[in-house]
Every structure is written in C-alpha cells, then in structure tokens.
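Beneath this line is the structure, given in structure tokens, with notes to follow.
What follows draws every value from the coordinates through simple rules; no lab data is involved. This is a predicted model, so every value here is computed, not measured. All Cβ positions, even for glycine, are placed from backbone atoms using ideal geometry, and neighbour counts span all protein chains on display.
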Amino acid sequence: MSRIVLGDCLNVLPTLPDRCVNLIVTDPPYLVNYKDRSGRSIANDVDDRWLTPAFLQLYRVLADHSFAVSFYGWNRVDRFFAAWRGAGFHVVGHLVFAKPYSSNSRFLAYQHESAYLLAKGRPALPARPLPDVLPWKYSGNRLHPTQKPVESLKPIIETFSKPGDIVLDPFAGSGSTCVAARESGRRFFGVELDATYHAAAVNRLQQYRRAA
C-alpha cells in the first residue's frame, strides 16, 4: 500500500479496514477560506461539515495505541478539538514549527506553524522524544498554496512510526507527507480531492522513484 488516491476522504476512508494504518500525519483545511497571492484556494476550507466525519473515520482506521499528528487553523482550534475528542482521540502534545520569515502580518507577525499530537489508546513513549519546537524550511509553495516541507515532516514520521509502517494523509495536497514517508522507509496512503494537486503529488512521487 503506497499510493495517492484522487477523491473525497469521506468517500475513500470508509472503504478501508479498521485499524489498517500505523500513523496519521495530515494538514487539513484550516476553515479560513484561504487564498494565496496567485488566487489558489483549498477545497472545503469554508465550513466544517466534513471535520467530525473525517476524524471519526481516521480514528477507526488507525491502529490501536498509535498516533495522529494534525495541523489546524489556530483561530478555529475549538472546532478541531471538538472533532478530535468526539472521535476518541486524546491530546498528548503540541508541536510548533518556527519559521525564519513571516507568512502574514496583522495584529502580529505570524512566524510559526503548529500541530497537535493525538493518541488513540495508550501508545508507547518514543525512545527519543521529539522537541516540541522544530525548524521550518520554506517549501516555496510551488505545487500547493500551503505546501508543507518534507524536511519538517520526516522527524515526525520517524519518531512516531517504525520502518515499514503505513502512514496515512487524508488531505494529501501535493504529497509532502507521502514523500516524507517514502524517504523514511515507510509505506503511505494519501487521499486528495483536488485533481490538480493530486496530479502534482503523483508526478512528484514518480520523479522520486526515478531518482532513487
């Protein structure tokens, strides 16, 4: 199982068996109707009707005593917490990625990304705990308006999964999680709703295979 599927995760996830993945790392829409400078947008970024059903499915497909890492919209954190806890996850950590630049400036200059570490059951403590403040390398956002850097995702995957495990990203975008999983010796399963971003992810992984 190493592929990225084009489709809505609310339709794809119910087709997966219970407890079939070992780690979830995902960057879902932040519910802020985001558009970048070139006008690119993200599907389902307007309302949260998908949020609770998606995380209920994610809890179901995640193996017992395993982790999920979810980025989130900081000004919509109450909605994300409700969905995570309603699905059965409990919050066990918070990750902050310090940017060397400001992505936006209003009341503050916004220079970080953040994600919550969620647990299903009682996972074993990692042998080498990850620092909760990590560096961030600008991806350039060439393939996706909120493209996450592979360099920032690999330490998460390597800390909270084992070689050969399956890493799931149901909001795969341009495939950064899947590339990071492959580079870390893990298998992956991604789902992406937007055909343009899905094509970019598939092409990216094909280029990776040719270079390997």
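Which of the residues belonging to the stretch 193-212 are part of a loop (DSSP other than H, G, I, E, B) and under 16 Å from the mean Cα position of the chain (by Cα)?
Passing the criteria: 193, 194.
Of all residues in the stretch 88-146 being of a type in the set (Lys, Arg) and more than 17 Å from the chain's Cα centre (by Cα), which is farthest from residue 36 (Cα to Cα)?
122
Filtering the stretch 50-75 down to residues that are β-branched (Val, Ile, Thr) and touching a residue at least 40 places away in the same chain (Cβ under 8 Å), which residue is surrounded by the fewest Cβ atoms within 10 Å (Cβ to Cβ)?
Per the stated criteria, the residue is 61.
Pairs, please: C-beta under 8 Å, at least 6 apart or cross-chain, first residue charged (D, E, K, R) and in the stretch 130-156, second assigned to a loop (DSSP other than H, G, I, E, B) and surrounded by 17 or more Cβ atoms within 10 Å (Cβ to Cβ)?
Going by the 8 Å Cβ cut-off, the qualifying pairs are 137/149; 148/27; 148/139; 148/173; 154/184.
Go over the candidates 190, 173 one by one and state the one that is touching a helix residue (DSSP H, G or I) at 6+ places or on another chain (Cβ under 7 Å), touching a residue at least 40 places away in the same chain (Cβ under 8 Å), closer than 22 Å to residue 50 by Cα and in a loop (DSSP other than H, G, I, E, B).
Just one listed residue meets the conditions, 173.
Here are 27, 47, 36, 78: which of them is more than 18 Å from the chain's Cα centre (by Cα) and touching a residue at least 40 places away in the same chain (Cβ under 8 Å)?
Residue meeting the stated conditions: 36.
Could you list, in sequence order, all residues of the stretch 131-178 that are of a type in the set (A, V, I, L, M) and under 26 Å from residue 104 (Cβ atoms)?
Scanning the stretch 131-178 gives 133, 134, 143, 150, 153, 156, 172.
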